[in-house]
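Okay, so here's the structure we're looking at.
The values are calculated or read from the model by the stated rules, or taken from the named source; none is laboratory data. All values derive from a computational prediction rather than experimental measurement. Counting neighbours? That spans all protein chains shown, and the Cβs are built from the backbone with ideal geometry, glycine included. For accessibility, only protein heavy atoms count, side chains too; no ligands or nucleic acids. Shrake-Rupley method; radii C 1.70, N 1.55, O 1.52, S 1.80 Å.
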Amino acid sequence: MSTTQAQPKHDELPEDTGALAWLRALGPRGRRAFGGAFGGYALDSYDYFTLPLSMVAISAYFSLDNGQTGLLTTVTLVVSAIGGALAGILADRIGRVKALMITVITYAVFTVLCGFAPNYETLLVFRALQGLGFGGEWAVGAILVAEYATAKHRGRTLGAVQSAWAAGWALAVVVYTLVFQFLDADTAWRVMFWTGALPALLVVYVRRNVSDAPAAAEQRRTSAERGSFTTIFKKDLLRTTLFATLLSTGVQGGYYTLATWVPTYLKTERELTVVGTGGYLTFLISGAFVGYLTGGYLTDKIGRKKNIALFAVLSGTGILAYTNIPAGANGLLLVLGFPLGFCMSAIFSGFGSFLSELYPTAVRGTGQGFTYNSGRAVGAFLPTLVGFLSDSWGVGGALVLGALGYGLAVLALLGLPETRDRELL
């Protein structure tokens, strides 16, 4: 009996199973697209966090109450729904890369203008207009990279793009700490907004180096179908659109409640210094970065829905634990910052792949832009509600509302299909 074993053919290569297989699988053009999307989302995050980090100084400068302060965040997120939806349609009609550059320029310009605001009303308007670009960047960048990624690695790849949010957040905290250490608060908050001009440099890179995935570009050239709001509300996509919007509402309501009010909570109720707050946020942001990468890995291993459900439950539990630590136990507060940041970020890692896989190429930008950002807009009312309730409940007590958002997200998953390993059509 022959014992000769079959040998691999010379033109067959062993499967790439390395830690960075997902990155190598993108190819040169895909990696450049990844770099553009990562940079865009990191700077999107940076520009967003200039407000929460400067909130105490802005509130004092304009003599605002907590409700007015919370409205600055809410108006940004509400208008971001319009920006995200419009950017999604643009991505389907003029291409992912062109739409990406438009969103980056928009949020950069209006972030800088916020620094020149002479009064609260002007700041509110500029912050709202900043939301137009802020809302569109993630959806467009995520779609751009998703269309280069393989089905096997799409979760990890988009999870890595999501991790850019933590990178931008960390950069904002570093700049905030330096600016507020060397400048008086009345000047420092303006300087923070002026540094929001940084994204303009990214546009130069994207314009020179990044292009749409060939299959998506070809589909746009040959198909008569174009992205439109009516399309995603037709019978075959209506259920998907409604439940995906509800999912986004729950997750982002919980997230932005924490992102907006944790810095204020640490400073006003825990009485931490500027440097102390930065130290605590370091643990929160480190947990977020690791969470994005871990969540991306898990969404490929256990599926999109299980990953979101798992971290929704853990995030809701984390909020309750974080806001009920006894006074004086700041060491425990520090320790819990890491798992809280980990869980509330890992839940987002599957969003880029999940929403991309729920819609066909012709309306992928429209569907993803609308559902993600409409959910963000509705969920944005939680930070304002926290602001109004904090006067009677305290900021820590009102933050518990964020846990309700995560419960809503779990319910929304019941109406959506699992899409792991689905090829983009």
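Yes/no per residue for (1) in a helix (DSSP H, G or I); (2) open to solvent by 40 Å² or more (accessible area, probe 1.4 Å); (3) within 24 Å of GLY133 (Cβ to Cβ):
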{"residue": "ALA309", "(1), (2), (3)": "yes, no, no"}
{"residue": "ILE319", "(1), (2), (3)": "yes, no, no"}
{"residue": "ASN324", "(1), (2), (3)": "no, yes, no"}
{"residue": "GLY331", "(1), (2), (3)": "yes, yes, no"}
{"residue": "LEU336", "(1), (2), (3)": "yes, yes, no"}
{"residue": "CYS343", "(1), (2), (3)": "yes, no, no"}
{"residue": "PHE354", "(1), (2), (3)": "yes, no, yes"}
{"residue": "GLY365", "(1), (2), (3)": "yes, no, yes"}
{"residue": "THR371", "(1), (2), (3)": "yes, no, yes"}
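Taking the range 54-75 as the range and being open to solvent by less than 10 Å² (accessible area, probe 1.4 Å) and within 19 Å of LEU399 (Cβ to Cβ) as the test, the residues that pass are MET55, GLY67, THR69, GLY70, LEU72, THR73, THR74. Scoring VAL363 on the criteria (1) touching a Leu at 6+ places or on another chain (Cβ under 7 Å); (2) hydrophobic (A, V, I, L, M, F, W, C); (3) farther than 14 Å from LEU293 by Cβ leaves a single failure, condition (1).
For the condition open to solvent by 10 Å² or more (accessible area, probe 1.4 Å), aliphatic (A, V, I, L, M), in contact (Cβ under 8 Å) with a residue 40 or more places away in the chain and under 28 Å from VAL210 (Cα atoms), ILE143 does not qualify.
Does the range 290-297 include one or more residues that are under 17 Å from GLY168 (Cα atoms), part of a helix (DSSP H, G or I), open to solvent by 50 Å² or more (accessible area, probe 1.4 Å) and at pLDDT 90 or above? Lay out the reasoning, then the answer.
In the first step, residues of the range 290-297 are kept if they are under 17 Å from GLY168 (Cα atoms); the result is 290-293.
Next, from what is left, pick out any that are part of a helix (DSSP H, G or I): 290-293.
Still in the running and open to solvent by 50 Å² or more (accessible area, probe 1.4 Å): 290, 293.
Retained after the next criterion (residues that are at pLDDT 90 or above): 290, 293.
There is at least one residue in the range 290-297 that is under 17 Å from GLY168 (Cα atoms), part of a helix (DSSP H, G or I), open to solvent by 50 Å² or more (accessible area, probe 1.4 Å) and at pLDDT 90 or above.
Set side by side, the residues ALA81, ALA91 differ, and just one is touching a residue at least 12 places away in the same chain (Cβ under 8 Å), farther than 22 Å from LEU202 by Cβ and of a type outside the set (Ser, Thr, Tyr), which is ALA81. There is no residue in the range 85-103 that is open to solvent by 40 Å² or more (accessible area, probe 1.4 Å), among the charged types (D, E, K, R) and in a loop (DSSP other than H, G, I, E, B).
Here LYS305 meets each of (1) open to solvent by 10 Å² or more (accessible area, probe 1.4 Å); (2) at pLDDT below 80 with one exception, condition (2).
Search the range 11-26 for residues being within 25 Å of the chain's Cα centre (by Cα) and loosely packed, with under 12 Cβ neighbours inside 10 Å, and hand back the single one that is modelled with the highest pLDDT. Working first, answer last.
If we filter the range 11-26 for residues that are within 25 Å of the chain's Cα centre (by Cα), which is where we start, we get 19-26.
Cutting the leftovers down to loosely packed, with under 12 Cβ neighbours inside 10 Å gives us 19-20.
Numbers: ALA19: 73, LEU20: 83.
Only one residue tops the list, namely LEU20.
Listed by first and then second residue, the pairs with beta-carbon distance under 6 Å, at least 6 apart or on different chains, first residue in the range 160-180 and free of Cβ contacts under 8 Å to residues at least 60 places away in the same chain and at negative phi, second of a type outside the set (Asp, Glu) and surrounded by 24 or more Cβ atoms within 10 Å (Cβ to Cβ), are VAL179/MET192.
Within the range 124-136, residues that are surrounded by 21 or more Cβ atoms within 10 Å (Cβ to Cβ) reach partners that are of a type in the set (Lys, Arg) with beta carbons closer than 8 Å, at six or more positions or on different chains, in the pairs GLY135/ARG376. Flag: LEU272 does not match the condition of being assigned to a helix (DSSP H, G or I), in contact with a Phe, Trp or Tyr (Cβ under 7 Å, 6 or more places away or on another chain) and modelled with pLDDT under 70.
Residue pairs whose Cβ atoms lie under 8 Å apart, sitting 6 or more positions apart in sequence or on different chains, and linking a residue in the range 406-425 that is touching a residue at least 60 places away in the same chain (Cβ under 8 Å) to a partner that is surrounded by fewer than 18 Cβ atoms within 10 Å (Cβ to Cβ) and of a type in the set (D, E, K, R), are GLY415/ARG239; ASP421/LYS152.
Taking the residues in the range 155-211 that are in contact with a Gly (Cβ under 9 Å, 6 or more places away or on another chain) and outside any helix (DSSP H, G or I) as candidates, determine which candidate is most open to solvent (accessible area, probe 1.4 Å). So the residue we want is SER211.
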